[in-house]
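The values are calculated or read from the model by the stated rules, or taken from the named source; none is laboratory data. If you're wondering where the values come from, they're calculated on a predicted model, not measured in any experiment. We place every Cβ from the backbone using ideal geometry, glycine too, and count neighbours over all the protein chains shown. Accessible surface areas use protein heavy atoms only, side chains included; no ligands, DNA or RNA. Shrake-Rupley method; radii C 1.70, N 1.55, O 1.52, S 1.80 Å.
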Amino acid sequence: MKKIILILILSTFAFAQTKIEIKDPWIRPNAKGANSALFFIAENKSNKADTLIAAKFDNSEIVELHETYKKNDDMMGMRQVKFVAIPAKSTVTFKPRNLHIMLIGLKKDIKIGENYNLTLVFKKAGEIKIKAVVQDMPKMK
Ligand SMILES: [Cu+2]
């Protein structure tokens, strides 16, 4: 009987988890005191939706989840969002002029070619550590 209960607990735990894979993380170079941003592809391989709720970076004063939106005058603006949903069996791309992680108030110069450790925090998948390369804006397609 004990064995059955244990299996039930374990399988419930397994179902509550999601599998999120982070691909191609990169951040923009900038000088100390300025802002940067983190971009990546988040792939949810599980059949449960998950939610990105926070990000951590040791080298900036503030880290925020941001989205880009079109203002009334057709200019592009950006604003903080509390979370970003990552639906089941789908991919969400964080890219320039779209979703991004805003790194506000850099504590040091962030230079092209360097690598930085960051952490993404998901509601179900928990903390995912990533290593992002510093590179220029990709060419517009
Ligand atoms: Cu932003």
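Going by the conditions given, is SER46 among the hydroxyl-bearing types (Ser, Thr, Tyr) and either within 11 Å of the ligand (Cβ to nearest atom) or at pLDDT below 95 (or both)? I'd like the intermediate steps shown before the answer.
Values: among the hydroxyl-bearing types (Ser, Thr, Tyr): yes; either within 11 Å of the ligand (Cβ to nearest atom) or at pLDDT below 95 (or both): yes.
The answer is yes for SER46.
Any chance segment 74-87 includes a residue that's open to solvent by 30 Å² or more (accessible area, probe 1.4 Å), touching a residue at least 40 places away in the same chain (Cβ under 8 Å) and of a type outside the set (A, V, I, L, M, F, W, C)?
The answer is yes, given that some residue of segment 74-87 is open to solvent by 30 Å² or more (accessible area, probe 1.4 Å), touching a residue at least 40 places away in the same chain (Cβ under 8 Å) and of a type outside the set (A, V, I, L, M, F, W, C).
When residues of segment 98-130 are filtered for being under 11 Å from LEU38 (Cβ atoms) and either within 16 Å of the ligand (Cβ to nearest atom) or not aromatic (Phe, Trp, Tyr) (or both), how many remain? It would help to see each step written out before you state the result.
To start, the set of residues in segment 98-130 that are under 11 Å from LEU38 (Cβ atoms) comprises 99-103, 110, 116, 118-120, 130.
Right, trim to either within 16 Å of the ligand (Cβ to nearest atom) or not aromatic (Phe, Trp, Tyr) (or both) and you get 99-103, 110, 118-120, 130.
Number satisfying all stated conditions: 10.
How about segment 52-63: which of its residues are over 20 Å from ILE20 (Cα atoms) and either of a type in the set (Gly, Ala, Ser) or surrounded by 12 or more Cβ atoms within 10 Å (Cβ to Cβ) (or both)?
Applying the first criterion (over 20 Å from ILE20 (Cα atoms)) to segment 52-63 yields 58-63.
Matches in segment 52-63: ASN59, SER60, GLU61, VAL63.
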